[in-house]
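Quick notes on the structure that follows.
Rule-based calculations on the coordinates, nothing more; no lab input. This one's a predicted model, so the numbers in the text were calculated from it and none came from an experiment. Positions of Cβ are generated from backbone atoms using ideal geometry, with glycine treated the same way; all protein chains shown enter the neighbour counts.
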Ligand code: ADP
Ligand code: ZN
């Protein structure tokens, strides 16, 4: 399946969860800039040291750094047949840079009201080992605090604490929300709305799949 997708939505709209499900269903790699950055920080690399302060405070990592990282990743052989980008682009400048590298087939837009998102983010837990995302409201791990996939310990990201959530929202409204308009003018956009805290993730995935079928990107 050859398909180059991006997924847009506020922090906590379920981008990570949907991306991880689509990745296995469509058999394309998922690229999450947030995961890449957290991993660099965990490994204590030079890049990790340079970007830690941005992640800790809910600010965006500077465009030049993000663009370089994503270029390197998209040029890997496993991306030849398509990919799904989660958390990138996040600014108009990043979107323009992406346009220079590849042609995107479709944009998935997750529309979720803010009240729901705040509830969800506070309930989010992440695997310290493999990055898999859980939610104590809708997507609980089989065993408390343990990752179903790899057995690693679950934790709450510092930026999922309430003070930082507000800041991430401000940043999103200002810098990332305008991207939707940018993509509406350029590629087909599949919008899926979610209006309840406990909407099952598979329901949202099914609607995305329907949208991809309508666009004849999958059969
Ligand atoms: P969420 O989508 O839940 O907000 P992510 O895991 O995508 O979280 O991102 C976490 C943090 O990583 C962001 O707050 C930001 O500091 C940094 N980051 C991730 N992607 C980008 C990007 N494309 N541009 C700038 N900063 C980014
Ligand atoms: Zn894990």
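Measuring from a point 7 Å past the Cα of residue 118 along Cα-to-C-beta, which residues in the range 142-171 have an amide N at less than 18 Å? In the range 142-171, the label zone of residue 118 (backbone N under 18 Å from the point 7 Å along Cα→Cβ) covers 159-171.
Report the residues of the range 13-55 in range of a label on residue 150: point 7 Å along Cα→C-beta, backbone N strictly under 13 Å from it. Within reach of a label on residue 150, which here means backbone N under 13 Å from a point 7 Å along Cα→Cβ, the range 13-55 contributes 35-36, 38-40, 42-43. Subtracting the Cα-Cα distance of residue 163 and residue 128 from 0.36 nm times their residue separation leaves 10.4 nm of extension gain. By its C-alpha gyration tensor, with a ≥ b ≥ c as the square roots of the eigenvalues, how is the chain shaped: rounded for a/c under 1.5, else prolate for a/b larger than b/c, else oblate? Verdict is rounded for the chain. Exposure proxy ranking for 25, 3, based on other Cβ atoms within 10 angstrom of each Cβ and starting from the fewest, stands as 25, 3. Across 152, 131, 58, mean-square fluctuation computed from a Gaussian network of the chain (C-alpha pairs under 10 Å connected) peaks at 152. Comparing mean-square fluctuations of 38, 124, 50 from a GNM of the chain with C-alpha springs under 10 Å, the top value falls on 50. Length available on full extension from residue 96 to residue 65: 0.36 nm per residue minus the Cα-Cα distance, which gives 9.7 nm. In this simple spin-label approximation, residue 184 and residue 111 carry label points 7 Å from Cα along the Cα→Cβ vector, and these lie 0.9 nm apart. With the helix formula -39500 (n - 2.57) applied to DSSP H stretches of n ≥ 4, the chain reaches a computed 222 nm mean residue ellipticity of -13000 deg cm²/dmol. Remark: relative contact order (the chain) = 29 percent; criterion is Cα-Cα distance under 8 angstrom and separation of 6 or more residues.
What the Cβ-Cβ distance of residue 210 and residue 42 gives, at R0 = 22 Å and to the nearest 0.05, is a FRET efficiency of 0.05. When DSSP beta bridges are limited to those with both residues in the range 3-214, what percentage is antiparallel, rounded to the nearest 5? Bridges in the range 3-214 that DSSP calls antiparallel: roughly 30 percent.
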